[in-house]
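The values are calculated or read from the model by the stated rules, or taken from the named source; none is laboratory data. The structure displayed is predicted, hence computed values, not measured ones. Every residue, glycine as well, gets a Cβ built from its backbone with ideal geometry; the counts of neighbours run over all protein chains shown.
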Amino acid sequence: MKKKEIPPKPRSRKQLQHQQYAAYSTSQTAVIVHLSNGARLQGLVLASDEYVLLLGRQPDDNRPTVVYKRAICLVTPADAPEEVVVVAPDPANAADFVPIYMPRTRKRR
């Protein structure tokens, strides 16, 4: 009986995320953490695990902020540009509006 060769799994998102947080932590780079409720927190990544991120103002901060990773939308370096200029497409070159067929649903009694 031949053994099935299982292809190697690609790196998971969590492993890549952990590597990125570890890089921020070791380099002591200031970051801006954008939360899902619209708030922005700024500081240094002191430590991270599977569920939370410790964010402090200084490397030896004795009262860091605990941020759940579920609440994080985006983490950017603090020295990155604040806003990227987005060029809107020219309306003259835009395609005409195409209506989408939406079937009617049955009314429930």
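Listing for the model above:
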item: Those residues of the range 1-33 which are at pLDDT 90 or above and of a type in the set (A, V, I, L, M), in sequence order; result: A22, A23, A30, V31, I32, V33
item: Answer residue from the range 28-75, given it is surrounded by 14 or more Cβ atoms within 10 Å (Cβ to Cβ) and of a type in the set (S, T, Y) and is nearest to Q17 (Cα to Cα) among those; result: S48
